[in-house]
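The values are calculated or read from the model by the stated rules, or taken from the named source; none is laboratory data. Note that this is a predicted model, so its numbers are computed, not measured. Every residue, glycine among them, receives a Cβ derived from its backbone with ideal geometry; neighbour counts consider all protein chains shown.
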Amino acid sequence: MRKGKFIVFEGIDGSGKSTQMRQLGKYLEERGEKCFYTHEPTESPFGELLRACMSGKIDADEHTIAALFAADRLDHVQNPVYGMRAMLEEGNVLCDRYYFSSFAYNGGVVPLDWVIELNRPAMELLRPDLVVFIDLDPEEGMRRISRRTERERYETIERQRLTRNKYLEVFEKFPENVAVIKSMPSREETQEEIRRVAMELFGGRA
Ligand code: TYD
């Protein structure tokens with residue numbers, strides 16, 4: 001039995017989604033809501049494998065990577081111990097990236113329809129109640145991630161632009177429960193907007 005709400009955060013690299021997700025969780029907890037925090041790629045052995053591919057430690061082709069993301073996700077949904085369906089029986093789940101990341105990132109380099117098919121089982125098993133897309137200008141995203149030390153596979157300006165466009169394209173295809181939220185210069189303003197849409201799920205006002 002699903003008890004909590006399933007809220008997914010999406011955005012290009014540097015969009016600040018993990019910070020915004022934590023802040024929303026804190027806000028919900030202050031209102032008595034139990035929240036679990038999770039992310040993809042996960043911390044499971046499947047996620048570890050993906051990280052090795054993303055950092056270049058393992059040289060894998062894009063189809064293999066797309067399939068691994070789908071496998072990591074399916075385990076993340078179904079695993080009886082740490083899976084999100086199990087967590088949802090206990091409380092709300094806030095997840096940093098879900099299948100829209102695969103559509104936007106992997107669907108930008110291998111056929112999108114194939115990526116959608118790979119993700120069909122997860123889509124059928126667990127749909128988000130709300131997808132918060134933090135929409136950041138790709139140039140600004142690049143500025144922010146260039147301050148980090150390690151650079152991952154997809155972190156170039158061309159890739160950031162392609163990914164943002166893919167996100168917007170797939171939101172047209174699967175429009176349900178997607179809130180596109182402009183990343184404001186002030187983090188607090190962005191958070192306020194996120195709270196406003198999220199609280200609609202809890203039948204109240206922020
Ligand atoms: P990211 O959220 O940046 O994780 P971290 O903060 O741990 O580095 O995600 C890592 C990268 O993985 C990011 O560039 C997007 C990519 N990615 C995909 O290509 N497909 C997917 O399905 C997911 C979940 C992530």
Practice task
Could you tell me whether region 24-32 includes any residue that is under 27 Å from Asn165 (Cα atoms), within 13 Å of the ligand (Cβ to nearest atom) and not β-branched (Val, Ile, Thr)?
Solution key: no
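Every residue, every condition in (1) within 11 Å of the ligand (Cβ to nearest atom); (2) assigned to a loop (DSSP other than H, G, I, E, B); (3) more than 30 Å from Glu193 (Cβ to Cβ), yes or no:
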residue: Ile58; (1), (2), (3): no, yes, yes
residue: Ala70; (1), (2), (3): yes, no, yes
residue: Asp75; (1), (2), (3): no, no, yes
residue: Val81; (1), (2), (3): no, yes, yes
residue: Val93; (1), (2), (3): no, no, no
residue: Tyr105; (1), (2), (3): yes, no, no
residue: Trp114; (1), (2), (3): no, no, yes
residue: Arg120; (1), (2), (3): no, no, yes
residue: Met142; (1), (2), (3): no, no, no
Fill in the blank from the handout: By residue number, the members of region 43-56 that are in a helix (DSSP H, G or I) and either among the aromatic types (Phe, Trp, Tyr) or in contact (Cβ under 8 Å) with a residue 24 or more places away in the chain (or both) are Phe46, Gly47, Cys53, Met54, Ser55
Practice task
Might you check whether a residue that is more than 27 Å from Gly25 (Cβ to Cβ) and within 13 Å of the ligand (Cβ to nearest atom) occurs anywhere in region 95-103?
Solution key: no
Handout entry: Filter pass, Gly25 being touching a Gly at 6+ places or on another chain (Cβ under 6 Å) and closer than 16 Å to Thr190 by Cβ
Key = no
Handout entry: Odd one out for Arg196, checked against (1) in contact with a Gly (Cβ under 7 Å, 6 or more places away or on another chain); (2) in a helix (DSSP H, G or I); (3) at pLDDT 95 or above
Key = (1)
Exercise for the section: Identify all residues within region 25-77 that are farther than 23 Å from Glu124 by Cβ and in contact with a strand residue (DSSP E or B) (Cβ under 7 Å, 6 or more places away or on another chain); write none if there are none. Expected result: Gly25, Leu28, Glu29, Glu33, Lys34, Cys35, Tyr37
Problem - So Leu136, is it in contact with a helix residue (DSSP H, G or I) (Cβ under 7 Å, 6 or more places away or on another chain), within 28 Å of Asn92 (Cβ to Cβ) and aliphatic (A, V, I, L, M) - result: no
Exercise for the section: Considering every residue within region 124-132, establish whether at least one is out of contact with any Leu (no Cβ under 7 Å at 6 or more places or on another chain), modelled with pLDDT of 95 or more, more than 25 Å from Arg22 (Cβ to Cβ) and not acidic (Asp, Glu). Expected result: yes
Problem - Identity of the residue in region 42-76, under 22 Å from Gly4 (Cβ atoms) and polar (S, T, N, Q), that ends up surrounded by the most Cβ atoms within 10 Å (Cβ to Cβ) - result: Thr42
Fill in the blank from the handout: Looking across region 1-41 at residues that are of a type in the set (Asp, Glu), at pLDDT 95 or above and crowded, with 18+ Cβ neighbours inside 10 Å, the single one that is farthest from Ile134 (Cα to Cα) is Glu40
Handout entry: Hits in region 83-123 - residues which are free of Cβ contacts under 8 Å to residues at least 40 places away in the same chain and over 17 Å from the mean Cα position of the chain (by Cα)
Key = Ala86, Pro111, Asp113, Glu117
